[in-house]
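Some notes on the structure that comes next.
The values are calculated or read from the model by the stated rules, or taken from the named source; none is laboratory data. Everything numeric in this text was worked out from a predicted model, so none of it was measured. Every residue, glycine as well, gets a Cβ built from its backbone with ideal geometry; the counts of neighbours run over all protein chains shown.
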């Protein structure tokens, strides 16, 4: 799935919805810049082939929200519960986003790219992260339990801690500096 890059000129919006879009809950090929959706009820909304850039969605309600090939760039997504989003055609991209405390519990995220993101204490329990990329991401205290990580790329991620016996990690890629985080369950002293 390729990141959306085409947006008609009238679909590039900065900070607020124009009056003619008030009440609209379906957006296809829109580019939202600098919107503050924090604490907003986005339940049931549908975003398809959209880019949200420098937007704040912290604390937003996203139950049954459709994110269908949606890119987030420089967004604040702290604590979002992505597991309650609509499953159909779910697809996201994250570039330089704050995803601390976000939950992806049981979410299918194959081939998802997380680039330069903060994912501290994010929950990936039972998620499918097959071939996902965590490029230059901060994963301090992120939770990986029964997570499918086949071919996932953690080579440039920091603070990766996961138990290979509790996750599917075949062909996952790690840097040498990540090895201590893969051995924590053994309580070894590595120097």
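Points worth noting:
- Segment 131-152: number of residues that are buried (at least 20 other Cβ atoms within 10 Å of the Cβ) and in a loop (DSSP other than H, G, I, E, B): 8
- Selection of segment 108-123 for residues being part of a loop (DSSP other than H, G, I, E, B) and within 10 Å of the chain's Cα centre (by Cα) yields 109, 112, 117, 119, 122.
- Test: residue in segment 81-98 that is under 22 Å from residue 150 (Cα atoms), part of a helix (DSSP H, G or I) and in contact (Cβ under 8 Å) with a residue 12 or more places away in the chain: yes
- Among all residues of segment 30-38, there is at least one that is in contact (Cβ under 8 Å) with a residue 12 or more places away in the chain, in contact with a strand residue (DSSP E or B) (Cβ under 8 Å, 6 or more places away or on another chain), surrounded by fewer than 16 Cβ atoms within 10 Å (Cβ to Cβ) and not in a loop (DSSP other than H, G, I, E, B).
- Qualifying position, being out of contact with any helix residue (DSSP H, G or I) (no Cβ under 8 Å at 6 or more places or on another chain), surrounded by fewer than 19 Cβ atoms within 10 Å (Cβ to Cβ), closer than 23 Å to residue 7 by Cα and touching a residue at least 12 places away in the same chain (Cβ under 8 Å), among 74, 116, 59: 74
- Consider segment 1-29 and keep the residues that are surrounded by 12 or more Cβ atoms within 10 Å (Cβ to Cβ), without any contact (Cβ under 8 Å) to a residue 24 or more places away in the chain and touching a strand residue (DSSP E or B) at 6+ places or on another chain (Cβ under 6 Å). The one that is nearest to residue 111 (Cα to Cα) is 28.
- Answer from 127, 172, 165 - the residue that is closer than 22 Å to residue 95 by Cβ and modelled with pLDDT under 95: 172
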